[in-house]
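Input: a single structure, listed below in structure tokens.
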Amino acid sequence: MSNNSADAIIVGGGLAGLAAAAELGDRGKRVILLDQEPEHFLGGQAFWSLGGLFMVDTPEQRRMGIRDSRELAMRDWLGSAQFDRPEDDWPRKWAEAYVEFAAGEMRPWLREMGLRWFPVVGWAERGGSYATGHGNSVPRFHITWGTGPGVVEQFERRVREHVSAGLIELRFRHQVSHIIMQNGCAKGVSGEVLSDDRAARGAKTNRDEVGEFEVYAPSIIVTSGGIGGNFEMVRKAWPRDRLGEPPQDMVAGVPFHVDGRMIPISEKAGGHVINGDRMWHYTEGVRNWDPIWPAHGIRILPGPSSMWFDATGNRLLPPCLPGFDTLTTLREILKTGYEYSWFVLTQKVIKKEFALSGSEQNPDFTSGSWMEVIRQRVLSGSKATGPVEAFKEKGEDFVVANTLTELVGGMNQLGGGLIDETHLRAQIEARDAQIDNPFSKDAQMMAIHAARNYRGDKLIRTAKPHKFLDPANGPLIAVKLHILTRKTLGGLQTNLDSQMIGIDGQVIPGLFAAGEVAGFGGGGYHGYNALEGTFLGGCIFSGRNAGRSRAIA
């Protein structure tokens, strides 16, 4: 490989870029992979993930008594995506191809690579409406042993083998600012060499320029990620007609380097962004008491039992239940005129139902050790996992109290005095009055009973129904929840070979996109809603398609 030319250039060293590079290396192609961050950031945002993958009809599901199928998964996907635009043609084709992959080759291919999964399959985004609407009909969220780092590790291993063989060159602190086009065809990229930076992985790094570069290849694959770390871009793209005004106070669920800078650069080269107003942000964000990146937030992955109240203490209506319908809940919260909401729960609920998103917040799963999982989640007595207890003790958004009066006092101190104790108490008492029978008219209680019909939820994810105001179940806990930025659902339009498609509907020779920058495939294969586990899965699938593309000779 010459110093400045290759068969393909990949811009972005996240999971999609690693997947594409690994596949190209397997084909004997010469690759230069460029990333603006230091080498120890390799793997990008995927490193910080919980490692959840949406897979269909797996041995893990069948062992848990789950009956799944490609047909049911496709029905759920289309009910959630709600494709309704002419430009949704390629996204729909990508969705169909991904579900086929998730129900077929995905698991054996990843297993052969070395990935393994926790045996209890998670049930994310349950929907809570009709069977034709949004949500997973069955649990499909497969947590990888080793979480995000465990996923990244296997793809990085494959890439490093090709580096050793001289096929792939990794160039870090290389910030691409221009895609070189000639007669409508991609020829290379240029940009700036940035100064070395030894900041901790995920932290904000410098943008000090110490040089320039140009590299050339007939195929350029953009795998640079989304916009979640760039609040300005998030607010600009925010769908005000569907969600209302964007929050002024948000927390970031992704590092600063998820900045969206390659999107306008790709557009200038002829790429076409579609569905830019489709996005996926969470409503259960809390400020990290030990932040790594600016405005660092962590998402609570809740079980179904926490009571959810708006900023003024009114209980949210179904399907705005914990873990059921993210964007509907986001819209309803913002309708109140406030940008935050509250969970109210007990120690018994936090013990069994609270998980925190991210590899660093789940050291037991990240370690891949059964003994660590048992120690953290079974042998901990009345306590939740260590990271959850640390947030309960040190997090600025947590209030812990022995009585409701004390709890409301703490909530009002955090939230500006909007909670009326009498009103809050009446709602909790009404809920508690539903506990004495195994049936209920309360939609949330019905959902809890339904969850406990699933063996996995009853075992590790859903607390036994109990009265919140009974001191024996305390202490009481309130959590102030912020809007947390995360995923870009729209992106650069691509065909199934990951080739970029221009505004005229034609392929742009030599230009490719994969991962979040391409809406995880096609320019937005989720449509309006995500089913979870489909972000990492989409990076793997679209990166693989790019690396295997027939258009890269």
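The values are calculated or read from the model by the stated rules, or taken from the named source; none is laboratory data. Source: prediction; values computed, not measured. Here the Cβ is made from the backbone with ideal geometry for all residues, glycine too, and neighbour counts use every protein chain on show. With ligands, DNA and RNA removed, areas are computed over all heavy atoms of the protein, side chains included. Shrake-Rupley method; radii C 1.70, N 1.55, O 1.52, S 1.80 Å.
The table below lists the values:
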| read-out | value |
| --- | --- |
| Convex hull volume per residue in cubic angstrom - Cα atoms of region 348-424 | 102 |
| Dimensions (Å) - region 497-553, Cα atoms, principal axes, largest first | 33, 24, 13 |
| D_trans [Stokes-Einstein, Kirkwood Rh over alpha-carbon pairs] for region 459-550, 10 °C, 1.306 mPa s, µm² s⁻¹ | 99 |
| Cβ-placed point charges (K, R +1; D, E -1), dipole of the chain about Cα centre in debye, nearest 20 | 1280 |
| Antiparallel bridges, percent of DSSP beta bridges restricted to the chain (to nearest 5) | 70 |
| Highest average packing first - 299-308, 281-290, 161-170, Cβ atoms within 10 Å | 299-308, 281-290, 161-170 |
| Degrees, to the nearest 10: 89-102 long Cα axis against longest axis of the chain | 70 |
| Total charge dipole magnitude, region 98-190, about the Cα centre, Cβ charges on Lys, Arg, Asp, Glu only, Debye to nearest 20 | 160 |
| Region 202-296, accessible surface, carbon-and-sulfur percent (1.4 angstrom probe) | 49 |
| Positive-pole candidate from 122, 149, 138, dipole of region 114-160, charges at beta carbon | 149 |
| Using a Förster distance of 25 Å, the FRET efficiency for residue 289-residue 406 (Cβ separation, nearest 0.05) | 0.70 |
| Computed E for residue 429/residue 336 - FRET, C-beta separation, R0 22 angstrom, nearest 0.05 | 0.45 |
| Theoretical gain in end-to-end length, residue 394 to residue 214 [0.36 nm per residue, Cα-Cα removed] | 60.0 nm |
| Dipole of the chain, positive end: most advanced residue of 248, 354, 218 [Cβ charges, Cα centre] | 354 |
| List 273, 176, ordered by accessible area with a 1.4 Å probe, largest first | 273, 176 |
| Farthest toward positive dipole pole in region 1-129 [+1 Lys/Arg, -1 Asp/Glu at C-beta], among 80, 66, 104 | 66 |
| Inter-site label distance for residue 130 and residue 116 at 7 Å from Cα along Cβ, in nm | 4.5 |
| The chain, helix-only ellipticity at 222 nm - DSSP H runs n ≥ 4, -39,500 (n - 2.57), divided by all residues, nearest 500 | -9500 deg cm²/dmol |
| Relative compactness, the chain, computed as alpha-carbon Rg over 2.2 N^0.38 Å | 0.96 |
| Region 325-413 - percent relative contact order, Cα under 8 Å, separation 6 or more | 19 |
| Relative contact order (percent, whole number), the chain, Cα cutoff 8 Å, 6+ residue spacing | 23 |
| Convex hull projection area averaged over all views, region 46-171, Cα basis, nm² | 9.8 |
| Charged-residue dipole, Cβ positions (Lys, Arg, Asp, Glu), region 50-164 about Cα centre, Debye nearest 20 | 420 |
| Å² per residue, accessible surface of region 436-496 at 1.4 Å | 41 |
| Coil-residue trypsin sites (Lys or Arg not before Pro) of region 517-553, DSSP, other Cβ within 10 Å capped at 12 | 550 |
| Highest-first arrangement of 125-136, 22-33, where packing means the average Cβ count within 10 Å | 22-33, 125-136 |
| Calculated on alpha-carbon atoms, Rg and Dmax of region 381-509 in Å | 22.4, 67 |
| Surface per residue (accessible, 1.4 Å probe) for region 61-102, Å² | 52 |
